[in-house]
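Step one of this worksheet: look at the structure below.
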Amino acid sequence: MVTTTATSDVISLRGITKAFPGVVANDDVSLDIVPGQVHCLLGENGAGKSTLISILAGMQQPDSGTVSIGGTVVDISSPKVAVDNGIGVVHQHSTLVPAFTVLENLMLGDGGVLLDEKRATRRLEELAGLLGVEIDPHALASDLGLGQQQQVEIAKAMWKGSRLLVLDEPTSMLTPQAIEHLAESIARVKAEGLAVVLITHKLREAYAMGDCVTILRAGRNVGHISTEELATYSEQQAQDAILAAMFGEDIVAVGDEATELAGATEASRETAAIDFASRPVRLELRGASSRGAGRDVDVEDVSLTLREGEILGIAGIDGHGQNALSELVAGQRPASTGTLVFDGDDITRSGVRGRQRLGIRYVTDDRLHEGTVGSMSVAVNLVIKRIGEQPFWRSGRIQPKAVDAEAKRLIDEYGIRTPSPATRAGTLSGGNIQKILLARELTNGARLVVVNKPTYGLDLKTVHLVREILTDFAAQGGSVLLLSTDLDELIELSHRIQVISRGRLVGSVVNDGPGTAEKVGQYMTGAIEGTD
Amino acid sequence: MSEMLSATFITVFIATVIAQAMPLMLAAVGETIGEQAGILNLGIEGVMLIGAYTGFVVTLMTGSFWIGMLAGAIGGVVANAAMLVLNVWLGLNQIVIGLAITLIGEGITSVLYLQNYTSSPASLGAQPRMPIPGLSEIPVIGPALFRQSGIFWLMIVLILVLAFALARTSWGLSTRSAGQKPSSLDAAGGSVMRTRSTAVILSGVLVGLGGAYLALLTTATFSPHLTNGLGFIAIVITMLSRGRILIVMLTSLVYGLAVAMGPALQVIGFTVPADIIKMLPFIIVIVMLIVFARSSVVPPALGAPYTRGAR
Amino acid sequence: VALTACSSGRGGSGDTGGTDDSAGTDVTQFALVAPENESDYGYNQAGIDAANGAAEELGIDVTIVPDAGYDNIETVLNQVADGGAQFIVAHASGYNVGAAAAAAAKNVPILIQDAGEEENVPDLIAAVKPEGQEGGYLAGVAAAMATTSKTVGIVVSADNANWFAMSSGFAEGVYSVDPTIQVLYTSVGPAAYADAAGGKTATEQIIASGADVVFGMGDGATLGYLQAIEASEGVMYIADIGDVTPGLNDTSKLLTSVRWNYEPAYVQAIKDIEAGTFGESTYPVDVENGGMYLQETDALTPEIMTAVEEASTAIADGSITPTIATSADEVAGIIAAKGE
Amino acid sequence: MKTETSSALVQGFVRSVVPVLLALIVSGLIMLAMGASPLDFFAGVWRYGITGSNWQRSLALMSPLLIVAIGIIVAFRGQLWNLGYNGQYLLGAVVASGLGPILYAVMPAFLATIIVFVVAVLAGAVWSLIPAILKARYGTNEIITSLVMSFIAIGVVNLLIKGVFKDPGVTTPQTTVIPEDQLLPYIPGTEIHIGFLIAIALAIVAQIVLSRTSFGLRIDIFGASPKAARHVGLNSTWMVVLLFAISSGLIAFAGSVDILGQFTYQRADWDPRYGDAVMPLVFLARFRPVAAIPFVAFYAVLATGGTLAAQQAGLNVDFLFVIVGLILLFMTITEYIGNRRALGQSYVPAGLRRTVLQPFTRTSERTSA
Ligand SMILES: Nc1ncnc2c1ncn2[C@@H]1O[C@H](COP(=O)(O)OP(=O)(O)OP(=O)(O)O)[C@@H](O)[C@H]1O
Ligand SMILES: Nc1ncnc2c1ncn2[C@@H]1O[C@H](COP(=O)(O)OP(=O)(O)OP(=O)(O)O)[C@@H](O)[C@H]1O
Ligand SMILES: [Mg+2]
Ligand SMILES: [Mg+2]
């Protein structure tokens, strides 16, 4: 028997308001969460979804407003109160301790003096049964794949028996297979009578998994589609309703692209018209292997060719050597064997700055810690890869005017929303930080750009913008090496897709028709076996 | 020369190793608990001195080594209070606070001692022994190992209990998670602040006991700057041992051995320059670090204050 | 002052021409600067006691600056001179260089430690020189007669010239009574002057190796020696320089102490300053002038006393001249030589 | 813009001076509690640290302190916690006191001095290679490696002074005294050696390099995030090695300046531990070399006047440690209050209110069922 404290109590949020310095993250938000239903929460980046969840989880205190369960007002003053009230949360950023085993992670926060491994193992078995998954209790969390980590997180959220399971953007890093798995688990949890809150940026998921939908914009509840309504809507109707609420008047500007924005259609790309064979080769890897320092997966014996104006997609489960491949090309990681040829020259031995000058650029997936220095200004971040170069530096000394002028130019060109070039980059939103990276990397003689998960965690609008920037870049003769875990994105952008698995390229598909997704999927399934 | 290696000599040698290792062991276990919870305390040199001084004064006053040890533990907690309030509660820089504790601890104990005991320095006399019947009769090692004071046994039990608790209890799990990823502990319903507070207090107890052990049992008196850098060595040992208390015990014993070797070699008639003997433990450490290059992995959240929900 | 000396890098260091000012003047105020304080029962205590004694004897003022450490001694000496001291005792051999500079800069006579005649500068610098090997010899005689285990030990807290000399004298004194006695030697650490914990360890090991008489030399480390002595049975202790009886619970454990008395040296130095003859000779602290002697205790039997007195006479008249070791190796050599 | 910078200046001033004042007040109270006279003490510090020619002594003491401070700042800016300063300092000192006399015997003083400085810097830099390489290659925590290397350096220096560099003329283990005409010259009209000017010049140069040049920006990037540094093409191994080498080289340089400017020889077991005193000041100056000058000056006066002042007030010199420690504590507290004020936040952090204070205040009406 699975122990849950599920009751028919409705969880009601009333008038929740929460402000941070300079932002009102939640503005008078009210909604009801009903047991046995999946309640989807949608909205742009920074709309206030995670903040609302943090309040439910006891991680933040609302400035005003109440949460009540079954009519009783509950002061969720700490995560402990949330846990005690049966609110289990899977946060946007992993809360697993990498150095702990699965069991240790699950037992964290348990009461009692001694750790009771036997009881914990039994509870894990119960939950695994409920979720329909298998989890090795003694594996280190850091050794698990992302999909499994998420399963552990869900088990942890339900550990003490819960009435509400909250999932904050659970799907953004998962493979299609893993997303399907997750959907099944959610369905089972729902069937147990628990309430579920699901946050996602993908409308298709909301429609497929959700029973009702609430849309936040700039911290306000701007739309709700009830269970009854959603049941009667077609997928198209639901999307229209959601988009209308999400963007308000902006929807006019977005216009025709609204459906594309939603990622609703089966994406495919018209590539037949372009004959790449005749174009000059920009980048060639011949049997290259990388040699990293950390525990990260390295690439082995990779050979690929990328031509002028081409977008080459690299599909694969996260953590299968994407970082190694990007860093190998960008020059951040040395090659242990093989050669790299760029525009006909051997660049195997040149470093990051040498390649930078040749026009090789890299948009990293770690925009906060690697791509930018949060404590420094937007302006400095925009020229950070050109330190010491004219005209920003003269005889070693910085020229603030030149830096400022360049920053203003890029801020305008890429529409970076920042109070001023002198603002600390760390205070910008994720979407705007991503724009800083793109502006910096694509400007000033870029010929090849490696982009790693360029739209991870971004909202529809920003995703669209980023994709547009990349397509334009390729259309003007730039080459793009696009690494992504999002198959839709790969199919939408790439001319050709190769699949990476355990550091090796295991297959190549030309993106020329509706069948691409299946073919890539086959290669990936081969890769998934044994790991996920 | 070889007649020097008599049974008595070996007995005293072993006892010396233990006497030198114990204060270090206690301090390093204390530092380990702090570091496991995410607090790098560079102040333990000062905490040890305060523990040593309070232990010394109270033993003189009460005539009881037991009460003296207790006072040392309390002194350690008081000394660590700065770390508790300023770092754990207010989230201020650990390195600065640690250095401040070391400086104040060194300064105040030295000044107070010289003010009160300059003209009539006091000694504590021999420690109370608690021979274990039977075992203490074993030749050579018997008197060395089993004629220790009750305090020694209590300390050993304390350390072993902590080793067990850190690995096997939910307190231990919480403590370790506070050093690994405090946000996880918080999300799981634990309290990072309470966990770290407990760790700092417990760390103060142990480091204070280490200082008191040094003054009461190892030296049987106090003198200014008695620790002579032992606190910093405890930090080195803590980082080398990577949070495993049994390894801390072992490395402390190795250090005790190195210290005891100094006079022993000379007594045997082996003249090694004293400077080399003094450098020996450090050379061993650095060679170990070079050979097992990664053996000083520290908890990822070490040094980082935690504020819930901060971005 | 002398800007012209820029070519040589520095201004002339005080004008030595003005020495007449100090010659023949009355000393009404002098000072002693010591690295530690009197709680060491030894070297620092001896200096401080002697300075107070000399002040009383001469009826003049003395300023004691204990705990001056070693870091910035030239500054402290200069400041003490600025404070009006007409004569300064720089009570550590580590002060000698700084003292020379300060004496020249402030034109004040300074008494330095353990230096040879060649260091003397008329009216400015003179050395006081303890003949440690002589006192050590006497202690050795006493130790040899008191030991029943035929093993005696030496513990020193640091590599210090005085202690090397006392150690070599001690070994020779022991062997003069019985060359078959074993002499053990150990040093706590290169600079462990105040390392009480290390001192206790070293002493315990010496005792464990069979020594039943221990000759200990150290400042703060002495506290550690005493703990080890008190914790063991049937072991006698020989102290150095000062009087350790207040530090012992059981004073019967004290065989004797090699006492140093600086007072005659200080009094003589002050008189020489007033006479204008300071800096012409070194002030010995030795057996002959009574500056170095064995402290009387109940443990010193009449036979021992007699033997010590004989040795004292022989040293005073020069028929015995104990060797002065200047390094640990030389001490080891003398111990190994077994008296010949 | 103008008002912004001036208010920043005022703020910096308040944040720096207030802790010092508070520490002095509290240390005065402690003195009273111990039966010593704070007035005597502070008057003594004034008298022996500033009046007469004492200010010159204080300034002379500043030169090694300031150079050590700059060395520490360079490493700390890159978030490299070089705590091996004591050993590095002594290494530089022993180069001057040991190698110096040998060189002065065979070549002009000027040339010999240059060679001493170069060798001292190199000695410091080379000594830092082990911590630097272990850090760069394996991420070994540099706090422990630099500390351990410092202990080893102290032993090596002592062995050198007792061995090859020992002055055969004296019994105590010490190096040969370098004659006056071979030492660093005095600033004309004073008895302050030119090391003081060198230190001030170094502080200004370091300030400009750190805050205005591409190299300074690189250090800051490296300090803020080694990952970002790698991303922009900085070779992190090289960066760690270079920063450690500069830091350690500067600290060793301070040692050689101190010997050639002030001490003229080196005793075995001499260890002034300047770094321990300077490190807090470096935090107080927020890792800015020029801002460190007044703090170092303050400390130099305290140290120069402190020995006799403490003795006259009936205290021990070690009381200086207490004062510096208190300055550190008050510095963190001032910093905290300043930040809270700037953000308009409550002075009691939320977590503290929840865990520690809440149980004592009345429980909220909205407690959970
Ligand atoms: N701890 C905080 N301090 C300051 N501002 C915050 C904090 N947490 C959130 N915010 C701000 O509140 C707003 C809402 O953020 P929140 O994370 O809830 O958005 P979200 O809807 O989850 O966005 P995303 O889709 O990017 O996850 C943003 O402007 C964010 O910058
Ligand atoms: N931690 C923070 N501290 C201070 N200000 C913040 C913080 N996080 C975000 N902000 C500010 O809040 C504002 C809103 O951020 P938010 O994340 O909502 O951006 P956004 O409008 O969603 O943009 P995007 O679509 O690019 O994500 C930003 O202007 C940002 O400067
Ligand atoms: Mg955002
Ligand atoms: Mg979010």
Of the listed peptides C:57-64, A:430-437, what is their order by residue-averaged count of other C-beta atoms within 10 Å, with the highest listed first?
A:430-437, C:57-64
On each of the three principal axes of the Cα atoms of chain A, give max minus min coordinate, whole Å, ordered largest first.
69, 49, 48
Other chains near A:67-80: what is the mean number of their Cβ atoms within 10 Å of each residue's Cβ?
4
Would you compute the Debye intensity of segment D:83-169 from its alpha-carbon atoms alone, equal scatterers and no solvent, and pass along log10 I(q)/I(0) at q = 0.23 Å⁻¹ to two decimals?
-1.04
Computed over chain B: relative contact order in percent, which uses C-alpha pairs under 8 Å that are six or more apart:
37 percent
Relative contact order of segment D:100-230, pairs being alpha-carbon contacts under 8 Å that are 6 or more residues apart, as %
12 percent
Averaged across the residues of A:105-111, what count of C-beta atoms belonging to other chains lies within 10 Å of each residue's C-beta?
6
Going by average Cβ neighbours within 10 Å, how do the peptides A:11-24, C:185-198 rank, with the highest at the top?
C:185-198, A:11-24
Quick one: in segment A:403-480, what % of C-alpha pairs are over 16 Å apart?
50 percent
Relative to the compact-globule scaling 2.2 N^0.38 Å, provide the ratio for the alpha-carbon radius of gyration of segment D:217-300.
1.37
What is the Cα centroid distance between segment B:236-293 and segment D:238-294, reported in whole angstrom?
28 Å
Label 7 Å along Cα→Cβ of A:Thr66; segment A:73-103 residues with amide nitrogen under 12 Å?
A:73-75
How large is Rg/Rh for segment A:326-384, to two decimals, with Cα atoms and a Kirkwood Rh?
1.04
Projected label distance in nm at C:Glu296 and D:Gln79, using a 7 Å step from Cα toward the beta-carbon:
7.3 nm
Based on the Cα gyration tensor of chain D, what are the three equivalent ellipsoid semi-axes, each the root of five times an eigenvalue, rounded to whole Å and given largest first?
38, 28, 20
Residue-averaged beta-carbon neighbours from other chains (10 angstrom radius) around A:85-91
1
Listed residues A:Asn511, C:Ala126, C:Ser327: farthest to the positive end of the dipole of the protein assembly as shown (Cβ charges):
A:Asn511
Helix-only mean residue ellipticity at 222 nm, chain C, DSSP H runs n ≥ 4 weighted -39,500 (n - 2.57), per residue, nearest 500. What is it?
-12000 deg cm²/dmol
If you average the alpha carbon positions of segment A:145-214 and of segment D:21-97, how far apart do those two centres end up, in angstrom?
60 Å
With +1 on each Lys and Arg Cβ and -1 on each Asp and Glu Cβ, and nothing else charged, work out how big the dipole of the protein assembly as shown is about its Cα centre, in Debye to the nearest 20.
5280 debye
Quickly rank A:152-158, C:307-313 as a protection proxy: mean count of other C-beta atoms within 10 Å, highest first.
A:152-158, C:307-313
Distance cut-off 27 Å, percentage of C-alpha pairs in chain C lying past it
45 percent
Would segment C:45-150 count as rounded, prolate or oblate if I go by the C-alpha gyration tensor, calling it rounded below 1.5 in a/c and otherwise prolate when a/b exceeds b/c, oblate otherwise?
prolate
With charges set only on the Cβ (+1 for Lys and Arg, -1 for Asp and Glu), what does the dipole of chain B come to about its Cα centre, in debye to the nearest 20?
880 debye
Which residue, chosen from B:Gly208, B:Val192, B:Leu158, occupies the Cα position most advanced towards the positive end of the dipole of segment B:133-220, where the dipole is computed from +1 (Lys, Arg) and -1 (Asp, Glu) charges on Cβ about the Cα centre?
B:Val192
What fraction of the Cα pairs in segment D:13-58, stated in percent, has a spacing above 11 angstrom?
69 percent
Projecting the Cα atoms of A:Gly354, A:Ser234, D:Ser225 onto the charge dipole of the protein assembly as shown, where Lys and Arg contribute +1 and Asp and Glu -1 at Cβ, the residue farthest towards the positive end is A:Ser234
Cubic angstrom per residue, convex hull over Cα atoms of segment A:7-261:
135 Å³
For chain C, what relative contact order do you get, as a whole percent, if you take Cα pairs closer than 8 Å and at least 6 residues apart?
20 percent
Any idea what Rg and Dmax come out to for the protein assembly as shown if you just take the C-alpha atoms, in Å?
37.6, 125
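Coordinate-derived values only; no laboratory data. Just so you know, these numbers come straight off a predicted model, no measurement behind them. Here the Cβ is made from the backbone with ideal geometry for all residues, glycine too, and neighbour counts use every protein chain on show.
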